[in-house]
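Everything on this sheet refers to the single structure shown next.
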Amino acid sequence: MRSRQLRRRRRHEPLTISAGHTPDLDDAFMFYALASGSIPLNGLRFQHVVEDIQSLNQRALKAELDLTAVSAASYPALAKTYWIASVGSSVGQGYGPVVISARPMAPQDLQGRRIAVPGLHTTACLLLRLALPQVIPVELPFAQIPAEVLAGTVEAGLVIHERQLTYRDAGLLPVLDLGMWWQQQAKLPIPLGLNVVRRSLGRPLAQRITTVFRDSLLYAFAHQEQALAYALRYGRGTDPVRARQFIGMYVNEESLTLSKPCREALHRLFDRAHEAGLIPSVPRLSVIEPLKP
């Protein structure tokens with residue numbers, strides 16, 4: 001009798017889903033409603049794993065998380081174990097990661113030089129290696145990169161997240177905006193970050209997860225002040241004006257659907273990476289869509 005009651009209770013308990021995201025303004029904004037319990041979770045409970053993007057890329061390679069943010073550049077290695085969620089992408093529209101230095105330089109001056117990067121599997125690093133094939137990437141935690149450039153331990157650095165807006169405060173100079181470079185090369189936006197859902201969960205559950213995640217984004221758009229206040233907890237001292245600017249750059253209509261130009265951009269990015277010998281093969285894009293409202 002007691003075992004029957006326990007089984008009945010378990011059937012009604014929420015299903016725990018591990019959800020990985022970065023401690024960054026844009027991810028925090030998107031995950032606000034999930035973390036605050038502001039929306040119905042459709043029988044799910046989300047266990048948040050908050051780590052830097054390189055760590056999440058590594059976790060995804062081991063299929064440790066059910067739903068996770070990853071660098072778009074890491075997807076070729078994940079295509080057999082994860083679907084791309086059609087919501088939650090971070091897309092640059094003529095802007096993106098920036099190569100910075102302590103002195104005026106031209107991009108070609110960096111060929112053969114040591115450049116600090118925020119992770120070898122990040123989209124930023126892949127774009128850098130496509131734009132400047134002869135650079136020597138040096139992996140460093142992204143928050144340390146401006147200081148290492150100023151100290152002269154590397155010739156230049158590749159900044160992501162809010163550092164794209166604040167590096168000038170330290171007296172550093174732009175060398176190359178890789179989002180702008182990509183726009184000139186491909187005439188397409190650049191999907192920098194994706195969210196992926198583990199295939200082994202099965203399509204119905206993956207679709208439920210994607211649907212709740214979409215609802216989280218919609219709630220954040222409808223309650224921007226509350227979502228911004230929550231995101232600022234992860235702002236690393238970023239002021240509200242710049243925080244709002246950064247979130248607006250990367251959480252927008254493109255985050256609600258993986259548009260046709262974004263999918264074309266992913267195909268183009270992976271084709272070029274394969275041609276350059278940076279990835280072994282071009283993956284098929286497998287996308288999971290949310291249920292219609």
Residues of the stretch 184-196 being surrounded by fewer than 24 Cβ atoms within 10 Å (Cβ to Cβ) and out of contact with any Cys (no Cβ under 7 Å at 6 or more places or on another chain), in sequence order, are 184, 185, 186, 187, 188
Yes or no: residue 221 surrounded by 21 or more Cβ atoms within 10 Å (Cβ to Cβ) and either at negative phi or modelled with pLDDT of 95 or more (or both)? no
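Out of 273, 229, I need the residue that is at pLDDT 95 or above and small (Gly, Ala, Ser). Which one?
Just a single option satisfies the conditions, and that option is 273.
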Does residue 270 satisfy the condition of being touching a strand residue (DSSP E or B) at 6+ places or on another chain (Cβ under 8 Å), under 26 Å from residue 77 (Cβ atoms) and of a type outside the set (A, V, I, L, M)? no
Options 165, 176: the member that is in a strand (DSSP E or B), more than 22 Å from residue 77 (Cβ to Cβ) and outside the structural domain of residue 277 (by TED's automatic domain parsing): 176
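Can you give me the number of residues within the stretch 76-104 that are within 20 Å of residue 251 (Cβ to Cβ) and either under 14 Å from the mean Cα position of the chain (by Cα) or of a type outside the set (Gly, Ala, Ser) (or both)?
Step one: filter the stretch 76-104 for residues within 20 Å of residue 251 (Cβ to Cβ), giving 84-98.
Of the ones still in play, those that are also either under 14 Å from the mean Cα position of the chain (by Cα) or of a type outside the set (Gly, Ala, Ser) (or both) are 84-93, 95-98.
Final tally of qualifying residues: 14.
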Helices (runs of 4 or more DSSP H) wholly in the stretch 47-146 with at least 1 residues that are of a type in the set (S, T, N, Q) - which ones? 53-61, 123-131
Return the total of residues in the stretch 188-226 being part of a strand (DSSP E or B) and either free of Cβ contacts under 8 Å to residues at least 24 places away in the same chain or within 23 Å of residue 94 (Cα to Cα) (or both). 6
State which residue pairs qualify: first residue at positive phi and inside the stretch 36-54, second residue exposed (fewer than 14 other Cβ atoms within 10 Å of the Cβ) and assigned to a loop (DSSP other than H, G, I, E, B) in any location, beta carbons under 6 Å apart, and separation of 6 or more residues or different chains. 43/14
For the stretch 8-67, give me each residue that is modelled with pLDDT under 95, surrounded by 19 or more Cβ atoms within 10 Å (Cβ to Cβ) and touching a Lys or Arg at 6+ places or on another chain (Cβ under 8 Å). 28
Show the residue pairs that are 6+ apart or on different chains and have beta-carbon atoms under 8 Å apart, the first residue being within the stretch 120-139 and without any contact (Cβ under 8 Å) to a residue 60 or more places away in the chain, the second being in a helix (DSSP H, G or I) and surrounded by fewer than 18 Cβ atoms within 10 Å (Cβ to Cβ). 131/107; 132/107; 132/108
Which numbered condition in (1) surrounded by fewer than 19 Cβ atoms within 10 Å (Cβ to Cβ); (2) over 18 Å from the mean Cα position of the chain (by Cα); (3) not assigned by TED's automatic domain parsing to the domain that holds residue 44 is the only one that residue 202 fails? (3)
In the stretch 275-284, what residues are of a type in the set (A, V, I, L, M) and under 12 Å from residue 77 (Cα atoms)? 278, 279, 282
With respect to residue 229, determine if the residue is part of a helix (DSSP H, G or I), surrounded by 19 or more Cβ atoms within 10 Å (Cβ to Cβ) and assigned by TED's automatic domain parsing to the domain that holds residue 45. no
Hits in the stretch 232-261 - residues which are among the acidic types (Asp, Glu), out of contact with any strand residue (DSSP E or B) (no Cβ under 6 Å at 6 or more places or on another chain) and in a helix (DSSP H, G or I): 253
From the options 117, 135, residue that is surrounded by 24 or more Cβ atoms within 10 Å (Cβ to Cβ) and either in contact with a Leu (Cβ under 6 Å, 6 or more places away or on another chain) or at pLDDT below 95 (or both): 117
Please enumerate the residues belonging to the stretch 163-181 that are crowded, with 23+ Cβ neighbours inside 10 Å and of a type in the set (Asp, Glu). none
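The values are calculated or read from the model by the stated rules, or taken from the named source; none is laboratory data. Computed from a predicted structure; not experimentally measured. Positions of Cβ are generated from backbone atoms using ideal geometry, with glycine treated the same way; all protein chains shown enter the neighbour counts.
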